[in-house]
Amino acid sequence: MAKRLIGLTGGIATGKTTVTNYLTSAYNLPILDADVYARDAVVLGSPILEKIAQRYGQEILLPDGNLNRSKLGELIFNQLEERHWIENLIHPYVRTSFNQAINESSASTLVLVIPLLFEAGLQNLVTEIWVVYCSPEQQQQRLMQRNHLTAEQAQTRINSQLPIQQKINAADIILDNSSSLEFLLQQVDKAINKNLHN
């Protein structure tokens, strides 16, 4: 029995977590999250964290030896070359973690939350792609509120990802999160009940 592997993506702060929480609570679907694997990749003592510290020095670490995420964030969101270097370390780890979790799961439908689905070239991990989006203004506002960023910082992070229109063009399912929560969840209901393979 082939598994239904939903790749949920979108722009930063467009509403992926809202969709994920709903898929868990309403449909009891297992969620595999790229961000969780990316955090696992750099845990204390991991070879990837050691490589990062070798490249950027001890100041990239917190006093307890863990990764200083905000410092790394500032660095990679402003320097394309450094972002690629980090991604080349972390993406293969994330891919392997996904493959392992998919193989070990007995569920017939899994949701893979992958913010950088296209950027990391992970489309072949999933059987369908869902893109959640909102207006650029809403995205910037939500990101500023959520991460306590200035407009400029928020925009830099948004610009570091593939333009949302390109993601929409490559999606099987498009979820519009520019209006009410109810409207968004109705679209999720429709999408989950739609079998794309018939």
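The values are calculated or read from the model by the stated rules, or taken from the named source; none is laboratory data. Computed from a predicted model, the values in this text were never measured in an experiment. Here the Cβ positions follow ideal geometry from the backbone for every residue, glycine too, while neighbour counts run over all protein chains shown.
Observations, loosely collected:
- Looking across the range 158-170 at every residue that is without any contact (Cβ under 8 Å) to a residue 60 or more places away in the chain and not in a helix (DSSP H, G or I), the one that is nearest to the chain's Cα centre (by Cα) is identified as Leu162.
Each row is one residue, and each column tells you yes or no for (1) more than 19 Å from the chain's Cα centre (by Cα); (2) closer than 28 Å to Trp130 by Cα; (3) touching a residue at least 12 places away in the same chain (Cβ under 8 Å); (4) outside the structural domain of Leu116 (by TED's automatic domain parsing).
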position	(1), (2), (3), (4)
Asp35	no, yes, yes, yes
Pro47	yes, no, no, yes
Ala53	yes, no, no, yes
Ile60	yes, no, yes, yes
Gly65	yes, no, yes, yes
Arg83	no, yes, yes, yes
Asn88	no, yes, no, yes
His91	no, yes, yes, yes
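- Filter result for the condition that a residue is under 14 Å from Leu117 (Cα atoms), among the small types (Gly, Ala, Ser) and in the same structural domain as Asp172 (by TED's automatic domain parsing), over Gly10, Gly15: Gly10
- Boolean, Gln186 is of a type in the set (S, T, N, Q) and at pLDDT below 95: no
- Leu149 satisfies every condition listed in (1) in a helix (DSSP H, G or I); (2) free of Cβ contacts under 8 Å to residues at least 12 places away in the same chain; (3) among the hydrophobic types (A, V, I, L, M, F, W, C) except (1).
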